[in-house]
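The values are calculated or read from the model by the stated rules, or taken from the named source; none is laboratory data. No experiment lies behind these values; they were computed from the predicted model shown. Cβ: placed from backbone, ideal geometry, glycine included. Neighbour counts: every protein chain shown. For the accessible areas, the whole protein counts, side chains as well, though only heavy atoms, and no ligand, DNA or RNA atoms are used. Shrake-Rupley method; radii C 1.70, N 1.55, O 1.52, S 1.80 Å.
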Amino acid sequence: MKRLVCCVAVLCALTLGACAGQLEPGTVPAPTAAAAPEPSPELTPEPTPEPTPEPTPEPTPEPAAKQLEITLRAEQKVDALLDGEFSTCCSLPAGATITVSAAEPIGGLYLVWYDRPRDWTLEANGTAVAAGGNGMMHEFAALGESASECSIRLGDGAAVRLSEISAFSPGTPPDWVQVWRESDSPADILVVPTHADDEFVFFGGLLPLYAGEQGLEVQLVYTISHYGSLRERCDELLNALWHAGVRRYPIVNDAPDREIYSIGEAEWTYGQNGFTDFLVEQIRRFRPLVVVTHDEGGEYRQGVHMLTARSVERAVELAADADYLPETAARLGVWDTPKTYLHLYGPEEERTALDYETPLAAFEGKTAFAVAEEALAMHASQKELHFRVYESGHAYDSHSFGLFRSLVGPDTEKNDLTENLGAVERR
């Protein structure tokens, strides 16, 4: 019986060993892994639509202003102020008041002064706004709030002559109304002619091209004044610059106009440093990237043109010297102009030739040369001298400028006064 039990026990042990896969003693069998379920596909979420931005409303353009019919009241006779002639004027004593009224609201006044204006005040709706301090002879003054009546009150300094008064409804004045900007900010190009009209006769379409078409800050600085010799030339100068796209009011030296045909006589008349010191201050004031002026030979040997060119050559050097005119250096800082051009300077093959023949969008497809011709025609007092805008190839070619001085290397393309100025930073 014991032997049977033992056999049974051995048989059971063998059976268990076969079921266990013949595991080594002491080994725990691994659990049978369950089959991995098929992964459920993940659906790509629908993109959340971006909210449609509200369209930015276009700014409502300012309405076009129209010229109003006005009446004037003053203690003096002021009929000449409404005759449409710049050559006539009304003499007004210090402290005089002119009241302007219209059947419709007035948005602004346009004044053409015969004398350089002194301080005056524009009064309307119980408020007063100072004007006249900028010395602009063609001056637009906007009312803060429109009114059917306003007054011009002159300061107490001295008598002054006024040529014209026009009034406009609120809105953007017509294109012929000259809304000049004061000349205080830096300029891209400083153009230095001697006389009013030189900027077109000898510099051609430079102003329409750079000021009108490209919108650069172009500042005019004249070395002599026509005010004491032929008053209408002041109006001609402003009208022509405005037509050419210039919007910065020009700076005009006080030196009187003289017929001079040698550099010696010019230096004797105006002084060797008179123009230079004037120009050093203007260069420091406007910190231009480019200065442009006359031919060293004065184009047709005009003595004051020669003095202007020589003075610019000295001024661009001296404006960077803090020891020269230290008062203006302390007030304005010093400035080293990156590029200086002279009309017709150097060998012809090395000069920069400007393109005045491509149609300009800013002037409805007219070329810079054509706009310059139109602007020159506004200098009506000079017609008898038979000057013109000089074409390519002429001895006084208005397209042609030589690089006199450069801090940014030589020109290679030779078709643009602003070449190589991309990396220049104002200090």
Rg to Rh for region 308-368: what is it, with Cα atoms only and Rh by Kirkwood? 1.19
Report in % the part of the accessible area of region 311-427 that belongs to carbon and sulfur, leaving out ligands and nucleic acids; probe 1.4 Å. 52
Rounded, prolate or oblate: pick one for the chain, where a ≥ b ≥ c are the square roots of the eigenvalues of its C-alpha gyration tensor, a/c under 1.5 means rounded, and failing that, prolate if a/b is larger than b/c, else oblate. prolate
First select every other residue whose beta carbon is under 11 angstrom from the beta carbon of Gln272; then total the charges, Lys and Arg +1, Asp and Glu -1. 0
Any idea what Rg and Dmax come out to for region 269-427 if you just take the C-alpha atoms, in Å? 17.2, 49
Separation of the Trp268 and Thr88 label points, Cα + 7 Å toward Cβ, nm: 4.5
In nm, spacing of pseudo-spin labels at Glu259 and His386 (7 Å Cα→C-beta vector): 1.6
log10 I(q)/I(0), Debye, Cα-only region 337-427, no solvent, q = 0.11, 0.22 Å⁻¹? -0.41, -1.11
Run the numbers on the chain and let me know its relative contact order in percent, using alpha-carbon pairs under 8 Å that are six or more apart. 13
With a cap of 15 neighbouring Cβ atoms within 10 Å, and only residues DSSP puts in a loop, list the GluC sites (Glu not before Pro) found in region 366-418. Glu391, Glu413
Which lysines does Lys414 reach when only Cα atoms under 20 Å apart count, and residues fewer than 8 places away in its own chain are ignored? Lys339
Tally Lys and Arg at +1 and Asp and Glu at -1 over the other residues with C-beta under 14 Å from the C-beta of Arg301: what net charge comes out? -4
Fully extended, how many nm does the chain gain between Val177 and Asp79 (0.36 nm per residue separation, minus their Cα-Cα distance)? 33.2 nm
Taking Cα atoms, the helix 2-19 axis meets the longest principal axis of the chain at an angle in degrees (rounded to 10) of 20
For region 275-427, report the accessible area per residue in Å² (1.4 Å probe, heavy atoms, rounded to an integer). 45
With every protein chain kept in place and ligands, DNA and RNA left out, what is the accessible area per residue of region 125-179? Probe 1.4 Å, answer in Å². 45
How big is the Rg/Rh ratio for region 244-290, C-alpha atoms only, Rh by Kirkwood, two decimals? 1.05
For Arg116 and Asn134 in the same chain, what is the full-extension length gain: residue separation times 0.36 nm, less their Cα-Cα distance, in nm? 5.5 nm
Accessible area of region 144-188 belonging to carbon and sulfur atoms, whole % at 1.4 Å probe: 44
Give me the number: length gained by fully extending Ala353 to Thr127, i.e. 0.36 nm times residue separation minus the C-alpha to C-alpha distance, one decimal in nm. 76.1 nm
Cα-Cα pairs in region 226-329 separated by more than 21 Å, as a whole percent of all pairs, come to 44
Kindly state, to the nearest 0.05, the FRET efficiency for Thr71 paired with Val424, given R0 = 41 Å and r defined as their beta-carbon distance. 0.15
To test your reading of the geometry: what angle, between 0 and 90 degrees and rounded to tens, separates the Cα axis of helix 368-377 from the longest principal axis of the chain? 30
Taking all protein chains as present, what is the carbon and sulfur share of the accessible area of region 226-276, in % to the nearest whole number, probe 1.4 Å? 52
